[in-house]
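This report refers to the structure that appears directly beneath it.
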Amino acid sequence: MKRFYSLLIILLFFSHSMVRAQHQIIPAPVSYEASEGSLIIDQNMSLVLLSESDDLSRQVEFLKSDLKEIGINLSQITGDSTIVKSLRIGFHETALDTLGNEGYQLVIEEGGILLMANTKAGTFNGIQTLKQLLPLSRTTSEEGVVAPIEIQTCIIEDFPRFGWRGLMLDVSRHFFTVDEVKAYLDQMAAYKMNVFHWHLTDDQGWRIEIKTFPKLTEVGAWRVERHGKFGAGRAAPKKSEKATYGGFYTQEQIKDVIAYAAERNITIVPEIDVPGHSMALLAAYPQYSTKKEYKMVNPGAKFVDWYGNGKFKMNIENTLNPADPAVYAFLDMLFGEVADLFPGEYIHMGGDEAYHGYWEEDAKVQEFMAKNGIEDGKALQSYFVKRVEKIISSKGKKMIGWDEILDGGLADGAAVMSWRGTKGGIEAVGLGHKVVMTPNEFTYLDFTQGDYSVENKIYSDLSLKKAYSFEPVPDFVLDPELILGGQGNLWTEAVPSISYAFYMTYPRAFAISEALWSTKESKDWEGFVRRTESHFSRFDQKGINVAKTIYEPEVRVYNEGRKLMCELKNPFEDIEMYYAIDNAYPIATGIKYEGPFEIPAGDLSLRAQSFRDGNSIGRLLHISRKDLEARVK
Ligand code: ACM
């Protein structure tokens, strides 16, 4: 009897936390059917492997160690699993077509859990879903009783919309260590992203060891240390200065990262960006440019004049010489080593923003063009891209490049990464090329995600809502089957740490993962916002920096006649916004936002902040009237 009462007390104590919520899974599964009932997991749960597979055993080892963190001991048993609470996991003997290569079925019953898939990628993805259904920590009562875990019974059938669900990390502008890259991969995998595009080379640093060309890393991996705004506020390097900032990955480290990624269902696509963005390469081997001049790796100092509309001038040569046979011999050996290292299907050759000015000025290049009937810079770039494609395919790999590689015609078999909107992607599909969609206005994770008064202003804006509206298949595309998928790209000119890289990536990568995994019909902004919020708390518990800008007021200013009007928005019904235009503090005693209001004339500023249950949530925005005026479109 005493035992009964203590059990009752424990259940009452925890009953308020046993909320039967809708699922909080990101990306949203294709099908989720909840039923009345719940699975209560306490200390012990039996594990039954229904298929023999080293990969499955390894996946389960990961799961076991995660569950140990929350006090659950998964102990493997053989025999009749139905008599105990069990997690049964295995492969279908005959593949189930609907699940494809990466799908899974997850059944949560009162008696246990069943996870089935066709492949190890499927079980891996199913385990990621299961982990999202479990808490990351357990509450303990004052009496020291650990709360049981309760999961609503449900049946999930889930598979991805696209096979290419990527994130790109630029490790040239900022060098990230192996452990930092692995941490980035961990989060990608948790959200079922399966392609890691590793931007390994650029003007600001060469990051991959190439044994045939040691100077690429001895010289190219290092630059003088500079802080401040990239491309404007950083001084050019002086010859007398020591290049102390940088780093690179040895081939052994790269193999380690590849294996780490593979265990998490992630394929790595390495990028060697040529013929442009090659200043680090040319700092090591100036002979591969037209001028062959000595230069240092760029520390983010200004060397480009941007004229708008994608037009620009490079004041330091950062392009390879496409008329020099030695360049192709060099690239052949270079891509040979890259192909030997990376087991994936694709190698990315960059191809973006190559400046043709030095080619146009060089007599030998002009002579080469005349001899080969090459009309202009675009045609010369196309000649270069086609030769690189031959090199890459001779190594047994497929080539992919940024959409500039379409200019002047592209070799069959090459794939295109559409970044300047979807135009290049649509054109490439029309020509029969495979395409990865990464239109910058929806997927560039370096763009500003909140109000300029609290966020860094860089290039352009990308709110979570806009990222959530990313649709990888444009209307009227000729052959949607050629669209492999898409990815979010994190350029790191203004990202000086892994913590900030996470902040810029999440939650927008949730939106991108959902655009690439979930069905098009399941788009639901309110539901996504609710799920995103529940993942904020998971990131907080994991100690990972996540941007919570969606709590903060979204400020829109406009003119109504001669009045300057201001509208504040946020996507949460239970969040109130307060503002002040009279320098009064605290802001909570300011004016509760009820609708658009006028900003009066005068030397004043707007302060605005969000509150939930009387507590501030999100940062205080502070914008001068002058800045508000400048925001009117
Ligand atoms: C790019 O953003 N330059 C591909």
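Bear in mind these aren't lab numbers, they're just calculated from the coordinates by the rules spelled out. In this text, all values refer to a predicted model and were calculated from it rather than measured experimentally. All Cβ positions, glycine included, derive from the backbone under ideal geometry; neighbour counts span all protein chains shown.
Things worth noting here:
- DSSP H segments from the chain that extend 24 Å or more along their own axis, Cα-based, with Kyte-Doolittle mean of -0.5 or above: 325-341, 377-394
- Excluding the site residues themselves, the longest part of the chain lacking any chymotrypsin sites (Phe, Trp or Tyr not before Pro) in a DSSP loop with at most 12 other Cβ atoms within 10 Å is 1-293.
- P(r) tail fraction, the chain - alpha-carbon pairs more than 41 Å apart, %: 35 percent
- Taking max minus min of the alpha-carbon positions on each principal axis, region 553-633 gives extents of 36, 25, 18 Å, largest first.
- With contributions of -39500 (n - 2.57) from each DSSP H run of at least four residues, the per-residue ellipticity at 222 nm computed over the chain stands at -9000 deg cm²/dmol.
- Rounded to the nearest 20, the size of the Cβ-charge dipole of the chain about its Cα centre is 1320 debye, with Lys and Arg at +1 and Asp and Glu at -1.
- When only alpha carbons are used to place a centre, region 541-594 and region 499-520 end up 24 Å from one another.
- Cross-link pairs beyond the 21 Å C-alpha cut-off, checked among Lys131/Lys255; Lys192/Lys520; Lys311/Lys364; Lys378/Lys423: Lys131/Lys255; Lys311/Lys364
- On a per residue basis, the convex hull of the C-alpha atoms belonging to region 30-109 measures out at 129 Å³.
- Rounded to the nearest 5, the antiparallel percentage of DSSP beta bridges internal to the chain is 55%.
- Gyration tensor verdict on region 214-345 (Cα atoms; rounded if a/c is under 1.5, prolate if a/b is larger than b/c, oblate otherwise): prolate
- Simple rule: put +1 on each Lys or Arg Cβ and -1 on each Asp or Glu Cβ in the chain, find the dipole, and look at Met168, Ser513, Pro322; the Cα lying farthest toward the positive end is Pro322.
- Relative to its Kirkwood radius, the Cα radius of gyration of region 239-287 gives an Rg/Rh of 1.11.
- Qualifying lysines (Cα of each under 16 Å from Cα of Lys626; at least 8 residues distant if same chain): Lys563
- Its Cα gyration tensor gives region 469-543 an equivalent ellipsoid. The semi-axes, each the square root of 5 times an eigenvalue, are 27, 18, 8 Å from largest down.
- Put simply, the amide H of Val269, placed in the peptide plane, has neighbours under 5 Å in Phe196, His197, Trp198, leaving out anything fewer than 5 places away on its chain.
- Positive-end ranking of Phe230, Ser522, Gln609 along the dipole of the chain, with charges on Cβ about the Cα centre, is headed by Phe230.
- Between Phe476 and Ala232, the FRET efficiency from the beta-carbon distance, with R0 = 60 Å, is close to 0.90.
- Dividing the alpha-carbon radius of gyration of region 456-606 by the rule-of-thumb value 2.2 N^0.38 Å gives 1.28.
- Working from the Cα coordinates of region 342-414, the gyration tensor eigenvalues give, after taking √(5λ), semi-axes of 25, 12, 10 Å in decreasing order.
- Candidate cross-link partners of Lys120 among the aspartates and glutamates, defined by an alpha-carbon separation under 12 Å and a same-chain spacing of 8 or more, comprise Glu52, Asp54, Asp55, Glu102, Glu263.
- Comparing Gly205, Ala259, Ile272 along the charge dipole axis of region 155-281, the residue lying farthest to the positive side is Gly205, per the Cβ-charge model.
- Rounded, prolate or oblate (a/c below 1.5 giving rounded, otherwise prolate when a/b exceeds b/c) for region 83-138 by Cα gyration tensor: oblate
- Anchor Lys302: aspartates and glutamates whose Cα lies under 15 Å away (excluding residues fewer than 8 positions away in-chain): Asp202, Asp203, Glu225, Glu317, Glu493
- Computed about the Cα centre, the dipole magnitude for region 239-358 is approximately 600 debye when only Lys and Arg (+1) and Asp and Glu (-1) carry charge, each at its Cβ.
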